[in-house]
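Accompanying notes for the structure given below.
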Amino acid sequence: MALKLMYITNNPEVAEIAQNYGVDRIWIDMEYKGKDERQKGLDTVKNHHTVQDIRNVRPVIKESELLVRINPWDDDHSPNEIDSVIEAGADMIMLPMWKTVAEVDKFTKFVNGRVKTTLLLETKEAVQCLDDVLSNGGFDEIHIGLNDLHLSYGLDFMFELLTNGIVDELCSKFKEFNVPYGFGGIARIGEGAVPAEEIIMEHYRLGSTRVILSRSFCNCSKITDIDEIEDTFRINMDKLNSFEKKMEKVTYEELKRNHYELDQNVESVVQKIRVNKRR
């Protein structure tokens, strides 16, 4: 079970490199409404890609899929935004920050099968109405957005959601309805506040099949030379592919042991965050 990998960029050259090294989805990120306020003071990526970015990237996408995250549902603006995104060449549209069954229903009915659809589950309200959303169906897959979801629950660290049972419960529900799913993102192998290897093993334990390559995987705001970007992708994708190859023989006992170690590491990070907050 190789994970489907997603990478956010609006640069056609970078998108082509990512595709050539095995990234399954190039992600154009048009969401901006409400994001600055929600993530105020956090070191998170805030993109403001456009429909023109879709048109610019579309010609280089041959083997990967082109995923576009739109803004949260808005009766006045979402229909036009969706039409524009589809016309520009999106293969899949992601709806973020939904909180009600009605929002999901309006989204899926307006798209009406013209492209694939995925839901980004990132609010506690979405968790509360998930059973009804899953029963209604009409979408292709779902992804848990750990960053905004942990903020919605008032947690200190996004990976607490992997240790407090919430992601386990959500994944069980997705399995029940045979909906493909993923969660969060991963750093480079050997890096991350919690080691990327531990997070990947959680994907295997939970049956997740999708993950975002985080900013630290190849930070194009810091690396601007295109040859260096290609080298970064080559090196990091080789390491990731090698680690996933090992996962083909992983045992359930190893996954359980990893979950225990993850729990210890997450708790350590949380304690450091709380100490810093008190300063």
- [ ] Evaluate the following for residue 190: is it under 19 Å from residue 7 (Cβ atoms) and over 12 Å from the mean Cα position of the chain (by Cα)?
- [x] yes
Open item on the list: residue 100 - would you say it is surrounded by 18 or more Cβ atoms within 10 Å (Cβ to Cβ) and either hydroxyl-bearing (Ser, Thr, Tyr) or at positive phi (or both)?
Closed with: no
Open item on the list: I'd like to check which helices (runs of 4 or more DSSP H) are fully inside the range 1-96 and have at least 1 residues that are acidic (Asp, Glu) and modelled with pLDDT of 95 or more.
Closed with: 12-20, 51-57, 78-88
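The values are calculated or read from the model by the stated rules, or taken from the named source; none is laboratory data. Being a predicted model, the structure only gives us computed values, none of them experimental. Counting neighbours? That spans all protein chains shown, and the Cβs are built from the backbone with ideal geometry, glycine included.
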